[in-house]
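Notes to accompany the following structure.
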Amino acid sequence: MNQKPHLLVVEDEPKVALFIKKGLETQSYTVTVAADGREGKRLIGSERFNLAILDVNLPFVSGLELAQYIRTKNATLPILMLTALDTTTDKLMGFEAGADDYLAKPFDFLELLARVKSLLRRTALPEETEPVLRLSDLELDMRAKVARRAGRTIDLTAREFALLEYLLRNAGRVVSRVDIAEQVWDIGFDTGTNVIDVYVNYLRNKIDKDFPNKLIQTVVGMGYVLKEKN
């Protein structure tokens with residue numbers, strides 16, 4: 001018999017926490033609630049979870065700090081951030097802290113449920129058998145989670161690593177911002193945000209800036225493609 005997915009909800013507004021807990025429990029999830037970041041941190045250290053839902057503004061330890069702490073303990077635990085703030089800067093801060101998805105308050109429960117299911121489904125997928133992805137002198141070691149260019153190790157955040165993996169798996173094919181948003185962030189593309197462009201530029205600065213052969217190329221009006229220049 002399969003065990004129910006165990007979800008951690010860290011939310012300091014009692015009504016919102018109860019709303020999320022009751023709704024998710026009707027969908028056969030086991031839900032543990034923490035009312036502040038300090039309690040969330042304790043629970044992460046003592047229990048096993050399949051997904052964490054974190055409010056950004058929490059007492060004692062913020063949601064961003066908690067996400068960073070989770071990433072030091074578990075690089076793959078899906079993290080969904082909840083916040084009343086919905087600017088590009090806020091989203092970037094959340095993703096940079098280690099979040100996998102981002103949902104602005106107020107939200108519809110069905111939207112929250114769709115995000116939860118998507119994140120759990122993604123982590124349940126079997127690992128790719130290909131241990132190293134390569135293009136030219138760029139390689140991505142999927143087992144060691146390390147990127148190298150011309151033998152030089154490149155320090156990437158978890159989000160940058162995921163973006164580079166997607167580009168490498170689609171090398172030579174133009175991928176749109178919609179493709180990247182759905183496949184790397186598991187979110188629908190918001191035309192009012194430039195999060196995707198910002199992260200592509202982060203990646204460019206790390207894997208292309210110091211090398212004569214530029215691999216990440218912009219296709220105006222269409223998106224991006226990873227390939228060697230002709």
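What to note about this one:
- Size-normalised alpha-carbon gyration radius of segment 22-65, reference 2.2 N^0.38 Å: 1.19
- Computed about its Cα centre, the charge dipole of segment 11-162 is approximately 340 debye, with only Lys, Arg, Asp and Glu carrying charge at their Cβ.
- For segment 177-182, 3J(HN,Hα) per residue [Karplus equation, 6.51 cos²θ - 1.76 cosθ + 1.60, θ = phi - 60°, Hz, x = Gly/Pro]: 5, 5, 4, 5, 4, 6
- Inter-part distance where segment 3-51 and segment 146-181 are each reduced to a Cα centre, Å: 32 Å
- Amide H within-cut-off set for Ile53, under 5 Å, with H built and near neighbours excluded: Leu8, Val9, Val10, Leu80
- Taking amide H positions as modeled 1.01 Å from N, with prolines and chain starts lacking one, the residues under 5 Å from Tyr102 and 5 or more places away or on another chain are Met81.
- Per residue, the chain exposes an accessible area of 53 Å² to a 1.4 Å probe, with every protein chain left in place.
- The phi-based Karplus calculation (6.51 cos²θ - 1.76 cosθ + 1.60; θ = phi - 60°) puts the 3J(HN,Hα) values of segment 138-145 at 9, 9, 10, 7, 6, 7, 7, 6 Hz, whole numbers, x for Gly and Pro.
- Fully extending the segment from Asn194 to Lys214 would add 5.0 nm, taking 0.36 nm per residue of separation and subtracting the current Cα-Cα distance.
- Ligands, DNA and RNA left out, the accessible area of the chain computed with a 1.4 Å probe is 50% carbon and sulfur.
- Local electrostatic count, Gly40, Cβ distance below 15 Å [Lys/Arg +1, Asp/Glu -1]: -1
- Listed residues Asp101, Asp179, Asp137, most fluctuating in the chain (Gaussian network, C-alpha, under 10 Å): Asp137
- Ellipsoid semi-axes for segment 1-125, based on the Cα gyration tensor and the rule √(5λ), read 19, 16, 15 Å when sorted largest first.
- Those lysines that a straight Cα-Cα span of less than 26 Å connects to Lys41, excepting residues fewer than 8 apart in one chain: Lys4, Lys15, Lys21, Lys22, Lys73, Lys91, Lys105, Lys117, Lys145
- Rg/Rh for the chain, where both radii come from Cα atoms and Rh is the Kirkwood radius: 0.99
- Using alpha-carbon coordinates, inclination of helix 88-97 to the longest axis of the chain, degrees: 90 degrees
- Table column - 3J(HN,Hα) (Hz), segment 205-216, Karplus curve with 6.51, -1.76, 1.60, x for Gly and Pro: 4, 8, 9, 10, 3, 8, 10, x, 8, 7, 9, 8
The values are calculated or read from the model by the stated rules, or taken from the named source; none is laboratory data. Because the structure is a prediction, the values reported are computed rather than measured. All Cβ positions, even for glycine, are placed from backbone atoms using ideal geometry, and neighbour counts span all protein chains on display. Just the protein is used for accessible areas: all its heavy atoms, side chains included, with ligands, DNA and RNA removed. Shrake-Rupley method; radii C 1.70, N 1.55, O 1.52, S 1.80 Å.
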